[in-house]
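What follows is a single structure, written as structure tokens, with notes after it.
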Amino acid sequence: MARFDLEFVGKTLAKMPPQALILFPEYVITPFFLELLESEAHTIHQHSQARLEQLQELATKHQQHLIAPLILQESSGLIKQMAWVSPSQTQFYPQQKLIHFSHWDEEAFFANPKTKGRAPLIVELEDLRIAPLFGYELHFDSIWLDMHQKGVDIVLLSTASTFESSERWRMLCQARAFCNSMLIARANRIGSVRQGYYPKHSSQKHNIAWNFYGDSFMALPNGQIGDSLRGDLGVLHLEVSKDYLDAWAQEWGFRKPNTRREHD
């Protein structure tokens, strides 16, 4: 998905069972980061707030869980966060680790609190511990160690990966899934945006295409990619049980299946 399409989302949810979890890619509910740089804070907030209300209506109507990155204004400024919208309540997880590259500096733009990195929001459903995570946070061991210790079974990874990074993201997700005996469901944005710039010593404007290649997939606890959308618009479906994930944890011994009981 490149941008939020309420009609497409509504029709898709109508085909899915109650209590299903639906993960949206990064920068789909909101405009992409480059567009945010040219927008007023109150406009960004109003856009996200309107989308949040739509998600809450859909979650209530279909009795499902919708997990989506949003940008909402608080007293400290704009906060990039994940909304877990369930039929009964909405919970938020502020991103802990933000990109700070020269061409993509979220850390300077957003007002998210700085942390050393710990487990994100953890929601337990059908005896499975599930954690939503932003793509950039895939790289930080402290977050994954804390999730491991708290018995997380499934990670919902929302990304907006671009350029020539597809294979690297696959390898990272496969390694994290295997070494932690977890399942990683990754939802990545599709589509493209263009960035204008002026090269040094030139008055002619150039454009860089940011192509988001999709490749939403399921990384399984055995280190394999279970299924992928590649670059297509669509929805991946997977039914998973605690017994399935516990069996892999028992097989390799990287995580005790009952870790969640010991850390409650």
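All but one of (1) of a type in the set (A, V, I, L, M, F, W, C); (2) farther than 23 Å from residue 162 by Cβ; (3) open to solvent by less than 10 Å² (accessible area, probe 1.4 Å); (4) assigned to a helix (DSSP H, G or I) hold for residue 58; state the number of the condition that does not hold.
Status for residue 58: all satisfied but (3).
Looking at residue 74, is it touching a strand residue (DSSP E or B) at 6+ places or on another chain (Cβ under 7 Å) and open to solvent by 50 Å² or more (accessible area, probe 1.4 Å)?
So residue 74 does not fit the description; no.
List every residue pair whose Cβ atoms lie under 8 Å apart, where the two residues are 6 or more positions apart in sequence or sit on different chains, the first residue falls within the stretch 149-169 and is among the basic types (Lys, Arg), and the second residue, located anywhere, is part of a loop (DSSP other than H, G, I, E, B) and buried (at least 16 other Cβ atoms within 10 Å of the Cβ).
150/119; 150/122
Per-residue answers, yes or no, for (1) at pLDDT below 95; (2) out of contact with any Gly (no Cβ under 6 Å at 6 or more places or on another chain); (3) of a type outside the set (A, V, I, L, M, F, W, C):
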residue	(1), (2), (3)
4	yes, yes, no
14	no, yes, no
22	no, yes, no
44	no, yes, no
56	no, yes, yes
70	no, yes, no
98	no, yes, no
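Check 142, 158 and return the single one that is open to solvent by less than 20 Å² (accessible area, probe 1.4 Å), at pLDDT 95 or above and either out of contact with any helix residue (DSSP H, G or I) (no Cβ under 6 Å at 6 or more places or on another chain) or part of a loop (DSSP other than H, G, I, E, B) (or both).
That would be 158, the only listed residue that is open to solvent by less than 20 Å² (accessible area, probe 1.4 Å), at pLDDT 95 or above and either out of contact with any helix residue (DSSP H, G or I) (no Cβ under 6 Å at 6 or more places or on another chain) or part of a loop (DSSP other than H, G, I, E, B) (or both).
For the structure I just gave you, tell me whether residue 247 is surrounded by fewer than 17 Cβ atoms within 10 Å (Cβ to Cβ) and modelled with pLDDT of 90 or more.
So residue 247 fits the description; yes.
Enumerate the pairs (first residue in the stretch 58-87 and more than 14 Å from residue 21 (Cα to Cα); second residue anywhere and acidic (Asp, Glu) and at pLDDT 95 or above) with beta-carbon separation below 7 Å, excluding pairs fewer than 6 apart on the same chain, so at least 6 apart or on different chains.
From the stretch 58-87, the pairs are 69/26; 80/106.
Can you tell me which residue within the stretch 103-123, out of those that are farther than 21 Å from residue 187 by Cβ and of a type in the set (Asp, Glu), is least open to solvent (accessible area, probe 1.4 Å)?
If we take residues in the stretch 103-123 being farther than 21 Å from residue 187 by Cβ and of a type in the set (Asp, Glu), then 105 is least open to solvent (accessible area, probe 1.4 Å).
Yes or no, residue by residue, for (1) at pLDDT 90 or above; (2) exposed (fewer than 14 other Cβ atoms within 10 Å of the Cβ); (3) touching a Phe, Trp or Tyr at 6+ places or on another chain (Cβ under 8 Å):
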residue: 194; (1), (2), (3): no, yes, yes
residue: 205; (1), (2), (3): no, yes, yes
residue: 208; (1), (2), (3): no, yes, yes
residue: 218; (1), (2), (3): yes, no, no
residue: 224; (1), (2), (3): yes, yes, no
residue: 229; (1), (2), (3): yes, no, yes
residue: 251; (1), (2), (3): yes, yes, no
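The values are calculated or read from the model by the stated rules, or taken from the named source; none is laboratory data. Quick caveat: nothing in here was measured; it's all calculated off a predicted structure. Cβ sites come from the backbone with ideal geometry, for glycine too, and all protein chains shown count toward neighbours. The accessibility values were calculated without ligands, DNA or RNA, using every heavy atom of the protein model including side chains. Shrake-Rupley method; radii C 1.70, N 1.55, O 1.52, S 1.80 Å.
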